[in-house]
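Since every read-out is calculated from the coordinates, none of them should be taken as a lab result. Note that the coordinates shown come from a computational prediction; the quantities given were computed from them, not determined experimentally. Counting neighbours? That spans all protein chains shown, and the Cβs are built from the backbone with ideal geometry, glycine included.
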């Protein structure tokens with residue numbers, strides 16, 4: 001008795017299961033995320049205006065905090081923060097920041113100017129999630145500056 005079997009269908013395309021199996025060499029850790037809200041560039045960014053606003057607000061805030069905290073732990077904190085902010089301003093002057101980070105930094109500075117520290121802290125969190133790997137030093141200093149400025153206004 002002979003049993004006739006039909007051959008499998010020709011394989012033109014891998015099945016969806018085979019396409020995403022562990023044996024295809026694809027690794028989820030190296031996947032790129034595109035079209036995510038964190039990575040969307042700002043629509044219109046004027047780099048010159050943004051950098052001037054950031055420079056002005058940061059320098060005024062540092063000077064105000066230096067005048068307020070002349071001794072003790074806060075003085076050491078504001079001195080360290082001043083060094084970190086100088087790093088930031090150098091990066092702005094040498095155009096080492098991409099326009100999206102600069103725009104978010106400008107929005108943060110505008111919130112600080114208005115005295116809206118909740119909004120400034122929210123913008124800081126966005127910067128932390130997006131740019132901490134590249135700009136961690138000055139981002140930490142920026143958080144301290146927000147906290148110290150909030151103390152001076154109370």
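Select from segment 98-150 the residues that are within 18 Å of residue 84 (Cβ to Cβ) and without any contact (Cβ under 8 Å) to a residue 24 or more places away in the chain and list them in ascending order. Answer for segment 98-150, where residues must be within 18 Å of residue 84 (Cβ to Cβ) and without any contact (Cβ under 8 Å) to a residue 24 or more places away in the chain: 123, 124, 125, 128, 132, 133, 134, 136, 139, 143, 147. Restricted to segment 46-154, the set of helices (runs of 4 or more DSSP H) holding at least 1 residues that are buried (at least 17 other Cβ atoms within 10 Å of the Cβ) and under 14 Å from the mean Cα position of the chain (by Cα) comprises 72-93, 99-114, 117-153.
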